[in-house]
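Remarks on the structure that follows.
The values are calculated or read from the model by the stated rules, or taken from the named source; none is laboratory data. Bear in mind the structure is a predicted one, so any value in this text is a computation, not a measurement. Using ideal geometry, Cβ is built from the backbone for each residue, glycine included, and neighbour counts are taken over all protein chains shown. Remember, those area values only see protein heavy atoms, side chains included, never the ligands or the DNA or RNA. Shrake-Rupley method; radii C 1.70, N 1.55, O 1.52, S 1.80 Å.
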Amino acid sequence: MSRQLLFVTVLILAVSAPSAQAAPAHFDGKTWWDYVKVLAADNKQGRETGSPGLAAAEEYVVAQLRQSGLQPAGSKGFYQPVGFQAHQIVEKDCRLALVHDGKTDPLTLGEDALFATRADLAPQVQAPLVFVGWGLTVPEQNYDDLAGLDLHGKVAVILNGAPAEIPGPLAAHYRSSSESWKALHKAGAIGVVSIPNPASIDIPWSRLALNRTHVSMSLADPKFETAAGEQLSVIFNPAHAAQLFAGSGHTFDEIIAVAKERKQLPRFPLAVTIKAVTKLQKEEVQSANIVAKLPGSDPELKKEYVVLSAHIDHVGVGAPVNGDSIYNGAMDNGSGSALLLDVAASLKKSGDKLKRSLLFVFVTGEEKGLLGSRYFSAYPTVDPKSIVADINVDMFLPIVPLKLLTVQGIAESDLGDVARQVAEAQGVKVQADPQPQRNLFVRSDQYNFIRHGIPALAMTIAPDPNSAEQKQLFKDWITNRYHAPSDDLDQPVDLSAAAQYEEVIRALMAQVADNPQRPQWKPYSFFRRYAENPSQY
Ligand SMILES: [Zn+2]
């Protein structure tokens, strides 16, 4: 899962008790875990995009796909090469300060703030700051935080999150870094300072700061540029954010109090100016997606594909935590990549024939901002019109028994109805995203398929809403293991939950592959527009 934009608001939905569960017919959890053990082993060095560790993991995946009888469907055998440009901040040559009444107050990098290096930062920037609240522009809801503000040549200060009045998937879409920047750029802004919402942060500031000089990447092809004109991008420590508001007539505490209510925030010019000197080191990096197909059995429907996708990259080697510097990414997303391998093997073993063809897509660069899937969805290796659906699997967290699934995109297309039906047939309940503020709908690869008009969804195992203990377990997992070296092979995993989850995914995929009708967007879905007019981003 990509760590762009991390916020949590807890909202609990009442769920009735599930009916009896049958034992999974095709999976035992053990073969799945055996794949995870290889992909998340220390010798894969955390599978950083472009690294030898990721290349070794991909070689292993290709060998397994061959064994399961899948055919190459990339542009070079099983591979689809993807070029990246890597950015790394040279922090010793960087400065950041706030200027107030002609007085310069230097900021401490890592303590007060850090540079986000997704954009090609300008070497020097000095500009007034304007607090733009949530910084959201949502035309469909006549909602605009930027209305009436003068942002020309200025840097926008944003509190991450969204007001309750904007539906979750829509807020997630406009909150994504590319859409958010598009609106700010149009309004004349030259940069962004974003403040993580302190009530709802996934990764603690200390861990964000620890890896602040880690390499970031963009796709080498300039067609994919989404940060044009973004001269400055800073993430500000919420614990130190009060200084941004000095002399403005407002306090950060006051803003946070309104944010807790999830209402529209006040917006106003700040009294301080930001001053930055940055140096970026740039480098070309090569990596690849992996694409494999299993031809369908129906003479007509076999021309269409159901995609099962998972990102195989993770964040590599980073700052040590408790003496461990390998960020193994066992759950994120060794777990999803292993599931694809396990499903492919199970199809060979069972000999089941599905009418449509299946496409297994292992994408790279997810942790860098969903880049491998963006590349694949823009340059698919099969006819784009032939892709009927994407089922994405990312960090599904089998850490409690599977009774409840959270389905991202459940109400957007009839894929959600099929997901509900196959889950319930196995005694598993489903729910819409109970934490829309975390933006999970746009934080993994399904989003790029959606932007190209393809109905898609992703699902993760959810804690029992009536169990404080299970909820705490998930919260602790995110705080301590998510994007940390301890997301490794030495953690508690519920193999029967993993097996049950695989069974649901397999049944969903089979149903979509065999159904005479292609999945359809709901008439009211915001994302339906991309089916008529695919995104150029
Ligand atoms: Zn991740």
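Points to keep in mind about this one:
- Sum of -39500 (n - 2.57) over DSSP H runs of 4+, divided by residues of the chain (222 nm, nearest 500): -7500 deg cm²/dmol
- Charge dipole (Cα centre; +1 on Lys/Arg Cβ, -1 on Asp/Glu Cβ; no other charges) of the chain amounts to roughly 720 debye.
- Positive-end extreme of charge dipole, the stretch 456-537 - chosen from Met509, Gln472, His483 (charges on Cβ): Met509
- Among Ala242, Gln281, Ala271 the positive-end extreme of the charge dipole of the stretch 232-283 (Cβ point charges): Gln281
- On a per residue basis, the chain carries 38 Å² of accessible surface, using protein heavy atoms and a 1.4 Å probe.
- In this structure His100 has an accessible area near 50 Å², from a 1.4 Å probe over the protein heavy atoms.
- Distance from the stretch 228-261 to the stretch 43-58 (C-alpha centre basis), Å: 38 Å
- Accessible surface of the chain [probe 1.4 Å, protein heavy atoms]: carbon and sulfur percent: 52 percent
- Cross-link partners of Lys385 among lysines (Cα-Cα below 25 Å; sequence separation of 8 or more within a chain): Lys76, Lys223, Lys293, Lys302, Lys303, Lys353, Lys355, Lys522
- Here is what passes the span test in the chain: the DSSP H helices with alpha carbon length of 18 Å or more along the helix axis and a Kyte-Doolittle mean of -1.0 or above are 52-67, 335-350, 495-514.
- Inter-centroid distance (Cα atoms) of the stretch 131-150 relative to the stretch 446-463, Å: 26 Å
- Ratio Rg/Rh [Cα only; Rh per Kirkwood] for the chain: 0.96
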